[in-house]
1. What is the distance in Å between the Cα centres of region 108-153 and region 164-184?
2. Could you compute the FRET efficiency for Thr73 and Asp128, with r as their C-beta to C-beta distance and R0 at 22 Å, rounded to 0.05?
3. Need the full-extension length gain, Asn167 to Glu85, defined as separation in residues times 0.36 nm minus the C-alpha distance. One decimal, nm.
4. May I ask you to compute the full-extension gain from Val208 to Ser117, defined as 0.36 nm times their residue separation minus their alpha-carbon distance, rounded to one decimal in nm?
5. Rounded, prolate or oblate for region 90-158? Axes are the square roots of the Cα gyration tensor eigenvalues, ordered a ≥ b ≥ c, and the cut-off for rounded is a/c under 1.5.
Amino acid sequence: MIACPPLRRRALLALLALAPLLRPRRARAISAMTLTAQDRVDVGRIEAYLNGIHTMKAHFEQIAPDGGDSHGTVWLDRPGKLRFEYDPPVPYLLVANHGDVYFHDRQLGQTSEVALSDTPLSIILAPDIKLSGNILITDITRVPGLIQVTVLRAERWWQGSLSLAFNTDPLLLRQWIVLDEQRRETRVTLTDIETGGQFPDALFEFKVPPPPPTGPKR
């Protein structure tokens, strides 16, 4: 396993739909929006829904800031466990467990590691999800059948914002969007969502996978 140098770290976090770790050069005021009565009701529903998800499996489509499109399967086991398995030919694997996030590039044969707490995904992998306190709600957008809540962490505002989009009837997480400090957007859309059930612990234990096949033997 290798340490993650700054350039690779930023590229890794953008790829994972996480925000780059850019330290602020100067402080700036960050404040939450003022919630209406309806906002508080909707936020309460969203918190209850997210806390009710203990396990989830879904297919995902990821659109990177450069427009690159990739697909795969995601498994979630709260608290703290996540696995992104990218479909070929994309050579990437992401596993979150034990407070860390491991990213493996099969093509390069390299693994990078960052703390889960340094990524916005820690918000939805927390033992108790609360969109209050250090988690600031900066925007709530509604269109018929959809609601989107944008949040950031007050003490790590430079890491960017996380927007969670839901179908409203019934409430169902469909997408998350990360906007970094350079206004670069990465979005992950979920389909074929299955909640409940159990996954083997080994699914979330990072092991270096074998390299992809190089072609038929002669």
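Only the coordinates and a few stated rules stand behind these numbers; no lab work does. This is a predicted model, so every value here is computed, not measured. Backbone-built Cβ (ideal geometry, glycine too); neighbour counts: all protein chains shown.
1. 9
2. On the way: r = 27 Å, r/R0 = 1.21.
E between Thr73 and Asp128, to the nearest 0.05, is 0.25.
3. Working: separation 82, 0.36 × 82 = 29.52 nm, distance 2.46 nm.
Gain on stretching Asn167 to Glu85: 27.1 nm.
4. Values: separation 91, 0.36 × 91 = 32.76 nm, distance 2.26 nm.
Full extension of this stretch gives 30.5 nm more.
5. Working: a/c = 2.72, a/b = 1.76, b/c = 1.55.
Prolate.
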